[in-house]
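Visitor: The structure follows.
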Amino acid sequence: MSASRWIHLDVELIAKETAAAFLLRLDDDTEHWIPKSQIADPEDYSEGDANCGVSITEWIAEQKGIA
């Protein structure tokens, strides 16, 4: 399996957090649940974080229609 490629997102707000995922509100006002396993360094983020950059795998970005 090849190494993951990352997509950088400008996140307006991390609106919700569960044990397994974050609900990210992007600068275009869309929201997407992203599994923590598909986020670079998920321990660096928490619910309520605003105006941050988050890197997600290219695969999940394509699945969610973000890429």
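The values are calculated or read from the model by the stated rules, or taken from the named source; none is laboratory data. Model, not experiment: these values are computed from the prediction. Because the Cβ atoms are built from the backbone with ideal geometry, glycine has one as well, and the counts that use them run over all protein chains shown. Heavy atoms of the whole protein, side chains included, go into the accessibility calculation; ligands, DNA and RNA do not. Shrake-Rupley method; radii C 1.70, N 1.55, O 1.52, S 1.80 Å.
Visitor: Heavy atoms only, probe 1.4 Å: what % of the accessible area of the stretch 1-58 goes to carbon and sulfur, would you let me know?
Guide: The computed percentage sits at 46.
Visitor: Return the ratio Rg/(2.2 N^0.38 Å) for the chain, where Rg is computed over Cα atoms only.
Guide: 1.01
Visitor: Using amide H atoms built 1.01 Å from N in the peptide plane, name the residues 5+ places from TRP6, or on other chains, whose amide H lies under 5 Å from its own.
Guide: GLU58
Visitor: Normalised by the number of residues in the chain, what is the relative contact order in percent for Cα pairs under 8 Å and 6+ residues apart?
Guide: It rounds to 39 percent for the chain.
Visitor: Apply the Karplus parameterisation 6.51 cos²θ - 1.76 cosθ + 1.60, with θ equal to phi minus 60°, to every residue of the stretch 21-34 and state each ³J(HN,Hα) to the nearest whole Hz, in sequence, with x for glycine and proline.
Guide: 7, 10, 9, 9, 9, 7, 4, 8, 6, 7, 10, 9, 7, 10
Visitor: Work out the FRET efficiency for SER46 and TRP6 from their Cβ-Cβ distance, taking R0 = 22 Å, and round it to the nearest 0.05.
Guide: Step by step, r from the Cβ atoms, then E = 0.65.
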